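One structure below.
The values are calculated or read from the model by the stated rules, or taken from the named source; none is laboratory data. Please read these numbers as outputs of a predicted model, since none were measured by experiment. Ideal geometry is used to build each Cβ from the backbone, glycine not excepted, and the neighbour counts take in all protein chains shown. Only protein heavy atoms, including side chains, enter the accessible area calculation; ligands, DNA and RNA are left aside. Shrake-Rupley method; radii C 1.70, N 1.55, O 1.52, S 1.80 Å.
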Amino acid sequence: QVMLTESGGGLVQVGGSARLSCAASTGRFTVKAMGWHRQIPGKQRELVAEISSDDVTNYSSSAEGRFTISRDASKATIYLQMDSLKPEDTAVYCCYVFYATTPWHNGMIYWGDGTLVTVSS
(Lines give C-alpha, C1' and ligand atoms only; values in the text may rest on other atoms or scores of the structure.)
Protein backbone atom coordinates (compact mmCIF):
# COMPACT_ATOMS: atom_id res chain seq x y z
CA GLN A 1 0.00 0.00 0.00
CA VAL A 2 1.26 3.44 -0.93
CA MET A 3 1.12 6.30 1.54
CA LEU A 4 2.30 9.89 1.49
CA THR A 5 2.83 12.03 4.57
CA GLU A 6 2.98 15.76 3.88
CA SER A 7 4.02 18.43 6.32
CA GLY A 8 4.92 22.08 6.37
CA GLY A 9 2.95 25.00 5.03
CA GLY A 10 0.74 27.29 7.03
CA LEU A 11 0.63 31.07 7.12
CA VAL A 12 3.66 32.91 5.74
CA GLN A 13 4.40 36.59 5.23
CA VAL A 14 5.02 37.98 1.77
CA GLY A 15 8.69 37.63 0.97
CA GLY A 16 9.07 34.91 3.55
CA SER A 17 9.95 31.26 3.23
CA ALA A 18 8.31 27.93 3.85
CA ARG A 19 9.49 24.36 3.62
CA LEU A 20 7.28 21.45 2.68
CA SER A 21 8.17 17.83 3.09
CA CYS A 22 6.62 14.68 1.75
CA ALA A 23 7.54 11.19 2.89
CA ALA A 24 6.56 8.23 0.75
CA SER A 25 5.87 4.74 1.93
CA THR A 26 5.73 2.44 -1.08
CA GLY A 27 6.62 -0.94 0.34
CA ARG A 28 8.35 -3.04 -2.33
CA PHE A 29 7.38 -0.68 -5.14
CA THR A 30 10.03 1.40 -6.85
CA VAL A 31 9.85 5.18 -6.66
CA LYS A 32 10.58 6.76 -10.03
CA ALA A 33 9.84 10.37 -9.22
CA MET A 34 8.15 12.62 -6.70
CA GLY A 35 6.97 16.15 -6.86
CA TRP A 36 4.56 18.88 -5.96
CA HIS A 37 1.61 20.34 -7.72
CA ARG A 38 -0.57 23.10 -6.37
CA GLN A 39 -4.25 23.89 -6.54
CA ILE A 40 -5.24 27.54 -6.54
CA PRO A 41 -8.98 28.14 -6.04
CA GLY A 42 -10.70 28.56 -9.38
CA LYS A 43 -7.71 27.33 -11.36
CA GLN A 44 -6.46 24.03 -12.66
CA ARG A 45 -3.90 22.11 -10.65
CA GLU A 46 -0.42 22.99 -11.87
CA LEU A 47 3.05 21.57 -11.56
CA VAL A 48 5.36 23.29 -9.10
CA ALA A 49 8.45 21.08 -9.07
CA GLU A 50 9.42 17.45 -9.42
CA ILE A 51 12.49 15.32 -8.98
CA SER A 52 13.34 11.94 -10.45
CA SER A 53 15.08 9.00 -8.82
CA ASP A 54 18.30 10.09 -10.52
CA ASP A 55 17.90 13.66 -9.24
CA VAL A 56 16.76 15.31 -12.43
CA THR A 57 14.58 18.27 -11.47
CA ASN A 58 11.86 20.14 -13.29
CA TYR A 59 10.29 23.43 -12.21
CA SER A 60 7.40 25.51 -13.37
CA SER A 61 8.29 28.97 -14.62
CA SER A 62 6.71 30.49 -11.52
CA ALA A 63 8.82 28.32 -9.21
CA GLU A 64 12.11 28.56 -11.07
CA GLY A 65 14.62 30.61 -9.13
CA ARG A 66 12.52 30.85 -5.96
CA PHE A 67 11.75 27.25 -5.07
CA THR A 68 14.14 24.34 -4.63
CA ILE A 69 13.17 20.71 -4.62
CA SER A 70 15.44 18.12 -3.08
CA ARG A 71 15.18 14.58 -1.85
CA ASP A 72 16.56 12.21 0.73
CA ALA A 73 16.48 8.87 -1.03
CA SER A 74 17.22 6.95 2.16
CA LYS A 75 14.01 8.31 3.67
CA ALA A 76 11.97 8.39 0.44
CA THR A 77 11.30 12.00 1.30
CA ILE A 78 11.27 15.13 -0.79
CA TYR A 79 11.49 18.72 0.32
CA LEU A 80 10.29 21.90 -1.29
CA GLN A 81 12.05 25.01 -0.07
CA MET A 82 10.00 28.03 -1.07
CA ASP A 83 11.58 31.47 -0.82
CA SER A 84 10.45 34.97 -1.76
CA LEU A 85 6.85 33.90 -1.43
CA LYS A 86 4.14 35.97 -3.08
CA PRO A 87 0.39 36.18 -2.41
CA GLU A 88 -0.21 34.33 -5.68
CA ASP A 89 1.65 31.35 -4.25
CA THR A 90 -1.27 30.79 -1.91
CA ALA A 91 -2.57 27.32 -2.71
CA VAL A 92 -3.00 23.76 -1.55
CA TYR A 93 0.27 22.02 -2.34
CA CYS A 94 -0.15 18.34 -3.18
CA CYS A 95 2.67 15.86 -3.18
CA TYR A 96 2.70 12.95 -5.60
CA VAL A 97 4.81 9.84 -6.05
CA PHE A 98 5.27 8.11 -9.39
CA TYR A 99 6.10 4.49 -8.74
CA ALA A 100 6.38 1.12 -10.45
CA THR A 101 5.07 -2.13 -9.04
CA THR A 102 7.37 -4.32 -11.15
CA PRO A 103 10.41 -3.66 -13.41
CA TRP A 104 8.07 -3.92 -16.40
CA HIS A 105 5.41 -1.64 -15.02
CA ASN A 106 5.18 1.74 -16.69
CA GLY A 107 4.27 3.29 -13.38
CA MET A 108 1.37 5.03 -11.73
CA ILE A 109 0.81 8.11 -9.62
CA TYR A 110 -0.43 8.41 -6.09
CA TRP A 111 -1.45 11.78 -4.68
CA GLY A 112 -1.29 13.11 -1.17
CA ASP A 113 -4.12 15.06 0.44
CA GLY A 114 -2.26 18.36 0.21
CA THR A 115 -1.14 21.03 2.61
CA LEU A 116 -2.31 24.64 2.56
CA VAL A 117 0.18 27.46 2.16
CA THR A 118 -1.21 30.94 2.69
CA VAL A 119 0.97 33.92 1.85
CA SER A 120 -0.30 37.01 3.59
CA SER A 121 0.60 40.63 3.08
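A few comments on the model shown:
- Selected from Thr57, Thr102, Thr90 as most flexible by GNM, with the chain as the system and alpha-carbon contacts under 10 Å: Thr102
- Distance histogram in 10 Å bins (all Cα pairs of the chain, percent per bin): 14, 47, 29, 8, 1
- Whole-percent carbon and sulfur share, accessible surface of region 20-95, 1.4 Å: 48 percent
- Across region 82-88, rounded Karplus estimates of 3J(HN,Hα) from the backbone phi angles (6.51 cos²θ - 1.76 cosθ + 1.60, θ = phi - 60°) give 10, 10, 6, 5, 10, x, 6 Hz, Gly and Pro being marked x.
- For region 41-75, applying the loop criterion from DSSP together with a ceiling of 16 other beta carbons within 10 Å to the trypsin sites (Lys or Arg not before Pro) yields Lys43, Arg45, Arg66.
- In this structure region 23-121 gives 55 Å² per residue of accessible area when probed at 1.4 Å with all protein chains present.
- Of Trp36, Trp104, Trp111, the residue with the largest accessible area leads and the full order is Trp104, Trp111, Trp36 (1.4 Å probe).
- Within the shell of other residues whose beta carbon sits under 15 angstrom from the beta carbon of Gln44, the net charge comes to +1, with Lys and Arg scored +1 and Asp and Glu -1.
- Taking Tyr96, Tyr79 and ordering them by how much accessible surface each has at a 1.4 Å probe, largest first, produces Tyr79, Tyr96.
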